[in-house]
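The structure appears below as structure tokens.
Computed from the coordinates by the stated procedures, all read-outs in this text should not be read as laboratory data. Just so we're clear, the structure is a prediction, and the values are computed from it rather than from any experiment. Positions of Cβ are backbone-derived with ideal geometry, glycine not excepted, and every protein chain shown enters the neighbour counts.
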Amino acid sequence: MHAAEPAKPDRSVKAPHYGDTLFYFFQDRPFPALTGLMVSQQFERLPRHEDEAEVLRGGLLLGYGLHREAGEIFAGLIERGAEPAVRDRAWYYLAKIRYQRGSPEEAGEALSHIERPLPGALEDERSLLAGQIRLALGDAPGAADSFRALLARPPVPEIKPTAKGQPEPPKPGFFSRIGSWLVDAVTLNFGRGNDVPVSTAPAYARFNLGVALIRSGDVEGGRALLDELGRTPMHSEELRVLRDQANVALGFTALTQDDPEGAAKALERVRLQGLHSNKALLGFGWAAAAQKKPAQALVPWMELAGRDPSDAAVLEARIAVPYALAELGAYGQALARYQEAINAYDQEHKALNESIAAIRAGDLVKGLTERNPAEDMGWFLPITQLPEMPHQGHLAPVLAGHDFQEAFKNYRDLNFLSHNLTEWQDKLGIYGDMLDHRRKAFVERLPQVRQRSAELRVDDLQRQRDALAGEYEAAEAAADGLAYATPAERAQQARLAGAQRLLAEGGDAVKAEVDADAVSERLRRLSGALTWQLAQSLPERRWAAEKGLRETDKQLAEAREHDAKLDAAQRTEPAKFDAFAVRLNELSGRIKALQPRVAALTTEQQQALQDTAVQALQTQQERLVGYTNQARYAVAQLYDRATQKPGDAKPSESKPADGEQGGPRANP
């Protein structure tokens with residue numbers, strides 16, 4: 001005997017206004033979805049969807065980064081006794097967005113509200129997020145415990161790759177996307193493009209656990225985990241990037257532990273083309289140099305030196321190459337390479353100045369806005385087109401920065417709000433014209449309508465109706481059908497009665513002209529036929545009379561109601577017009593007050609955006625200055641070497657960019 005299947009939750013939309021909100025939401029238009037939802041909530045148009053609407057509103061607010069407001073919504077759901085599953089998942093997404101917004105303490109507080117294990121892979125993601133939060137707070141041992149808890153659970157079934165080698169994503173239907181109480185809608189709104197895929201959570205946990213162990217002092221344990229991850233075959237590009245990152249972290253950790261051989265073994269596993277290839281090439285060269293193998297170090301550095309100079313590793317490679325040449329005794333080539341590096345640094349410094357000038361002139365922000373238009377506000381609107389700039393290569397490290405991305409999202413949202421306020425200011429002017437037109441039309445048409453209403457003379461019609469009702473009562477009392485006779489039938493009845501009276505009063509003169517008995521019989525029969533006809537049609541005519549009275553009563557009632565409405569309108573409509581005018585004026589005043597504030601914030605945000613970009617480029621300039629100084633010092637050393645007499649002491653040489661090469665080791 002099979003167990004009964006649990007009843008599926010009813011996810012049908014029972015309120016048209018809620019369906020309208022979902023339409024905009026699934027069209028990726030969160031702003032009209034949010035505003036329409038809030039209007040519907042204000043007018044209580046969402047029966048049987050109150051909690052779903054609140055969860056969806058919280059998710060939409062989270063999508064705009066308003067995590068405090070969303071937290072208040074979720075707290076309200078808790079106080080109202082919302083379903084535990086909904087509450088727990090809502091707190092998870094609140095914690096996630098707070099962490100992404102750079103508030104790990106608040107993210108941990110939100111995560112602490114989850115009372116039960118989350119369904120499916122979300123529980124793995126919660127442990128992963130808990131560990132990341134503890135890492136951000138400096139609690140490496142606690143982070144390691146969270147990652148171990150994740151790895152101790154049974155693995156979630158892996159997403160199998162398709163024929164093209166990419167994971168096959170699930171294909172949820174409409175209502176499965178919504179999920180219970182629309183929490184899945186929250187997932188779609190602010191989790192899209194940021195959630196760790198189901199099968200990758202353990203891999204991320206291993207990587208983060210390795211980092212956490214190294215930070216907590218267990219270097220060997222951390223290196224073992226990273227080494228395991230760095231050797232694991234991966235089927236997706238995302239996991240291959242993670243594997244490269246693990247090998248880079250392992251390699252630079254080995255360099256800091258004076259283990260160049262281990263560093264070389266880890267770094268040579270990194271792909272030659274990838275996000276982490278430049279760091280790997282640089283580190284592999286330093287590992288070879290540490291083993292006194294300058295010829296071996298020269299190979300990766302030569303490859304790296306020819307790449308995009310916007311990367312710090314490439315800039316360092318340009319002075320690392322002549323360093324290796326000098327170690328090999330090729331002083332002439334080393335000197336030429338140092339001179340080339342100095343010239344390249346000077347050119348790059350000038351190019352950076354040109355880019356900084358263009359950024360301060362507003363070209364970067366203007367170009368990004370024009371080439372990446374947004375019809376709506378949104379927290380996950382990507383930058384897909386680069387603006388026209390003197391040196392676009394400088395934009396890559398700038399645009400990759402989290403601070404710049406967040407600042408640009410805020411700037412784009414402020415632009416949207418500015419346009420929205422301008423549109424509403426224009427709409428309020430149109431509404432004001434409409435109100436004036438309605439007021440004028442009301443004043444002009446009211447006397448005409450009142451005159452037509454007075455011409456109806458409802459009281460006279462009521463008296464006529466009452467008279468007809470009296471005749472109806474008399475006809476009911478007689479019950480002979482004569483009262484329901486038509487005018488033609490009444491005329492026939494009068495003619496028959498007159499003929500009978502004439503025959504009776506005519507005497508012998510009439511009888512001499514006609515056959516009185518025959519005529520009298522004929523008149524009697526005609527009168528009887530008419531009486532029988534009236535009696536036969538009595539029920540039908542009685543029903544018609546009753547129907548006519550009811551229709552008359554209905555029309556009289558409507559006429560009186562119409563008069564009452566006219567009286568009420570004459571009293572209340574002017575007040576309504578005035579109230580609408582006051583409301584329009586208030587809204588116009590609010591918009592006028594908001595517009596300069598939004599404009600000022602937009603200007604400030606643009607300046608902050610430009611300052612962030614300029615600071616990133618100035619950091620590159622400072623790095624260039626350091627590399628240039630080291631290159632000039634190395635050139636001076638080479639000249640000193642060339643002018644030394646045989647037997648003189650050999651001047652000491654230092655490795656270039658020592659400060660740079662150690663930077664990414666501890667935290668790649």
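Overall dimensions of the range 543-591, expressed as equivalent-ellipsoid semi-axes from the Cα gyration tensor (√(5λ), whole Å, largest first), are 44, 10, 4. Rounded to 0.05, the FRET efficiency of the Phe580 and Ser418 pair, given R0 = 25 Å and the Cβ-Cβ distance, is 0.45. Here the gap between Gln405 and Arg371, fully extended at 0.36 nm per residue and compared with their Cα-Cα distance, gives a gain of 10.7 nm. The protection proxy used here, the mean number of other Cβ atoms lying within 10 Å of each residue, ranks peptides 94-103, 43-52, 585-594, 612-621 as follows, highest first: 94-103, 612-621, 43-52, 585-594. Taken along the Cα-to-beta-carbon direction at a fixed 7 Å, the label points for Leu601 and Gln333 span 6.0 nm. Here the Kirkwood formula, the inverse mean of 1/r across different C-alpha pairs, assigns the range 17-71 a hydrodynamic radius of 11.0 Å.
Between Leu526 and Ile430, the contour length at 0.36 nm per residue exceeds the alpha carbon distance by 27.0 nm. Among the listed pairs Lys14/Lys427; Lys14/Lys96; Lys14/Lys576; Lys279/Lys366; Lys440/Lys565; Lys554/Lys576, which have their C-alpha atoms separated by more than 24 angstrom in this model? In this structure, Lys14/Lys427; Lys14/Lys96; Lys14/Lys576; Lys279/Lys366; Lys554/Lys576 exceed 24 Å between Cα atoms.
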